[in-house]
Amino acid sequence: MRHRARSRKFGRTSAHRLAMVRNMVTSLLEHGRIETTDAKAKEVRRLAERMITLGKRGTLHARRRALRVIRSREVAARVFGDLADRYRGRPGGYTRVLKLRRRVGDDAPVSLLELVEGGEEAAAKAPAGRKRGGEKAAKARKSAAAGKETGATRRAAEGGGRKARPAGKGKAKSEVAARKPAAPRKTGRSSKSD
């Protein structure tokens, strides 16, 4: 069971694991993308997004907290300058993990962890009408604005749609009795003794 297990251990001591993650976060924030295994990418993503959020705060305390993780003052300056401005209007999700291939030596799944395009240019590229309910809801809103009648609006006007069950009525007793009893569960044990 993984109750309250917060992070992956990667078969390393805590000091080695912390150093590895700090180095990878610094490299990601410096270069914009890194290639690593899936598990490491998912773990590094958590800390990298937290660093960008600290950069957006811009306070002295946030800078000191970020410098506990980020290994380079130049990279920290970039986080608190360029990246903070780039993601100012974005409420999270600054990175993406793209699965690439399986590594030749040990068959480990390899991913590309990269910073997403941020700010207004990413919001401008996003398709319009994808707020709530997806494409069908957007199409229904568009046709309603144009005065067209859709199936959903027609059913609502007719008072139709799904009929409500009367209160206190569940399944009929015959339906419950007609159901077959569940088959006994098979376990991995053999009933025969050798």
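The values are calculated or read from the model by the stated rules, or taken from the named source; none is laboratory data. None of these values were measured; they are calculated from a predicted model. Here Cβ is always computed from backbone atoms with ideal geometry, including for glycine, and neighbour counts include all displayed protein chains.
Could you look through the range 102-128, keep only residues that are closer than 21 Å to LEU54 by Cβ and in a loop (DSSP other than H, G, I, E, B), and pick out the one that is modelled with the highest pLDDT? Going through the qualifying residues, I end up with VAL116.
Residue by residue, here is whether (1) without any contact (Cβ under 8 Å) to a residue 60 or more places away in the chain; (2) in contact with a strand residue (DSSP E or B) (Cβ under 8 Å, 6 or more places away or on another chain); (3) assigned to a helix (DSSP H, G or I) holds:
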| residue | (1), (2), (3) |
| --- | --- |
| SER27 | yes, yes, yes |
| ILE34 | no, yes, no |
| GLU43 | yes, no, yes |
| LEU47 | yes, no, yes |
| ARG50 | yes, no, yes |
| ARG88 | yes, no, no |
| LEU100 | no, yes, no |
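Only residues that are farther than 19 Å from MET24 by Cβ and either in contact with a Lys or Arg (Cβ under 6 Å, 6 or more places away or on another chain) or in contact (Cβ under 8 Å) with a residue 24 or more places away in the chain (or both) were counted in the range 52-80, giving 3. Take the residues of the range 7-25 that are among the hydroxyl-bearing types (Ser, Thr, Tyr) and in a loop (DSSP other than H, G, I, E, B): which is nearest to LEU115 (Cα to Cα)? That would be SER7.
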